[in-house]
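Student: This is the structure, below, for whatever I ask next.
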There are 2 protein chains.
Amino acid sequence: MSRLPQPDRAELRLSAVLDALADPVRLRLLADLAADGAEADAERSCGIEAWSVKVHKSTLSHHFKVLRDAGVTSTRVVGRNRWIRLRRDDLEARFPGLLGAVLAALPEELERAGAPRPEGSGGQAANLAR
Amino acid sequence: MSRLPQPDRAELRLSAVLDALADPVRLRLLADLAADGAEADAERSCGIEAWSVKVHKSTLSHHFKVLRDAGVTSTRVVGRNRWIRLRRDDLEARFPGLLGAVLAALPEELERAGAPRPEGSGGQAANLAR
DNA sequence: ATGATGGTTTGAAGATTGTCAAACCATTCT
DNA sequence: AGAATGGTTTGACAATCTTCAAACCATCAT
C-alpha cells in the first residue's frame, strides 16, 4: 500500500489550487468527495461508477492527477485500486477558509450548471460544508 | 458617468469567479486592488502605470473584462477614464469567506511567483509562468 | 501461465486562453 | 475643427487544456 506523489502541505500553491478548482468537471468531483463526509479518512474509489461525472476513464484519471498535483486530493494505492480523499486539513492550514467557502457555494453552482444530476438530487447540501 | 455592464449580485457564478482568479496576472491585479484598502469606494484608475503588472494595454483591458464579467470587479466610467473597484460586499454575500481566503493567501503566493520584473527581459511568456 | 480488471500514459484533435499589434471610439485639449 | 488621450475591439499566433481512444502496466483470479 503506497501513495501517489503529492506536494507537501508547505508546497501548496494558491494558483495551482484555484486552477484545479476552475473546471466544471473537477468541481463536480470535489462535490462528490465532499459529500462523503468531513472525516479525514473518508475516501472514494477511483472507479468511474463512483462519480457523478460521466467521462472516459482516462479523462477521469487526468482530472484526478490535476487535483492531486495541486494538493487538493490524496490518493492511496491498494492493489490495483486507488482511494481518493480530500486534503481538508492541509488545505485549511495553508488557505484557511478557502475550501469551506468553495464547498458551501458548490451545491448551488452545480444546480445552475444543470446537466448531470447525481441521481439522488435532493438537498444534501448541508453535508458538504464542514 | 456610467458603469460598464456587470452581473447582478444574485447572478454571480462560483465557476466564473474561480476561473477569473485562476490566472497569475489577474491575481496580481487583485492584489493591487486589495492593497487600496477595504473601503467600498476604493478605486483605481485603469491606466497601465497604476498596476504592478506590465503587459500591453489591450491585454490589461482583456483581463479587466474577465474580472468584471465574473463579478469580481466593478468599473465606473468617467469621461475617458475608468475606475475599478473590488466588489467585496457582493462577493462576500454570495460566497462568504472566499475573497478573504484568497486575499489572505495572496501575498505569499505572489512572493513565490517571483516579483514583477523591475527591468527588461520582457519575453512574451516570461512575465509569469503558469 | 493465462486472462481479466482497475487505472495510467501516450497520442491526437478541437476548443480556450493569453498576448501583442493595429485599428477604432469617445472624450478632452488646443 | 483638428489633434491628443484613455481605453476597447478585432485579428492573429502560440501555448495550454479537455477529451477520447488505444496501448500499456501492475495486480488479481482462474
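Read-outs: derived from the displayed coordinates by stated rules, not from any lab. These figures come from a predicted structure and were not determined experimentally. In this analysis, Cβ positions are derived from the backbone assuming ideal geometry, glycine residues included, and neighbour counts consider all displayed protein chains.
Student: Among the numbered criteria (1) in contact (Cβ under 8 Å) with a residue 60 or more places away in the chain; (2) within 10 Å of DNA strand C (Cβ to nearest atom); (3) closer than 30 Å to A:E111 by Cβ, which one does B:H63 miss?
Tutor: Going through the list (1) in contact (Cβ under 8 Å) with a residue 60 or more places away in the chain; (2) within 10 Å of DNA strand C (Cβ to nearest atom); (3) closer than 30 Å to A:E111 by Cβ, B:H63 breaks only (1).
Student: Scan the stretch A:70-117 for residues that are in contact (Cβ under 8 Å) with a residue 40 or more places away in the chain and of a type in the set (G, A, S) and jot them down.
Tutor: If the condition is that a residue be in contact (Cβ under 8 Å) with a residue 40 or more places away in the chain and of a type in the set (G, A, S), then A:A70, A:G71, A:S74, A:A93, A:A113 are the ones that fit.
Student: Something else now. Got a number for residues in the stretch A:5-21 being more than 11 Å from chain B (Cβ to nearest Cβ) and either under 13 Å from A:H63 (Cα atoms) or within 13 Å of DNA strand D (Cβ to nearest atom) (or both)?
Tutor: Looking only at that region, the number is 0.
Student: Answer yes or no: is there a residue in the stretch B:76-97 that is of a type in the set (A, V, I, L, M), closer than 27 Å to B:A113 by Cα and away from chain A (no Cβ under 14 Å).
Tutor: At the first step, the residues of the stretch B:76-97 found to be of a type in the set (A, V, I, L, M) are B:77-78, B:84, B:86, B:91, B:93.
Of the ones still in play, those that are also closer than 27 Å to B:A113 by Cα are B:84, B:86, B:91.
Filter once more, keeping what is away from chain A (no Cβ under 14 Å): B:84, B:86.
Among the residues of the stretch B:76-97, at least one is of a type in the set (A, V, I, L, M), closer than 27 Å to B:A113 by Cα and away from chain A (no Cβ under 14 Å), which makes the answer yes.
Student: Something else now. Kindly indicate which of B:S52, B:S2 is within 11 Å of DNA strand C (Cβ to nearest atom), farther than 23 Å from B:E92 by Cα and of a type in the set (S, T, Y). Step through it out loud before you land on a result.
Tutor: On the way: B:S52 fails: within 11 Å of DNA strand C (Cβ to nearest atom).
After applying the criteria, what remains is B:S2.
Student: Cβ-Cβ under 8 Å, sequence separation 6+ or interchain: first residue in the stretch B:22-37 and more than 13 Å from chain A (Cβ to nearest Cβ) and under 12 Å from B:L67 (Cα atoms), partner of a type in the set (V, I, T) and within 10 Å of DNA strand C (Cβ to nearest atom). Which pairs?
Tutor: Final answer for the pair search is B:L29/B:V53.
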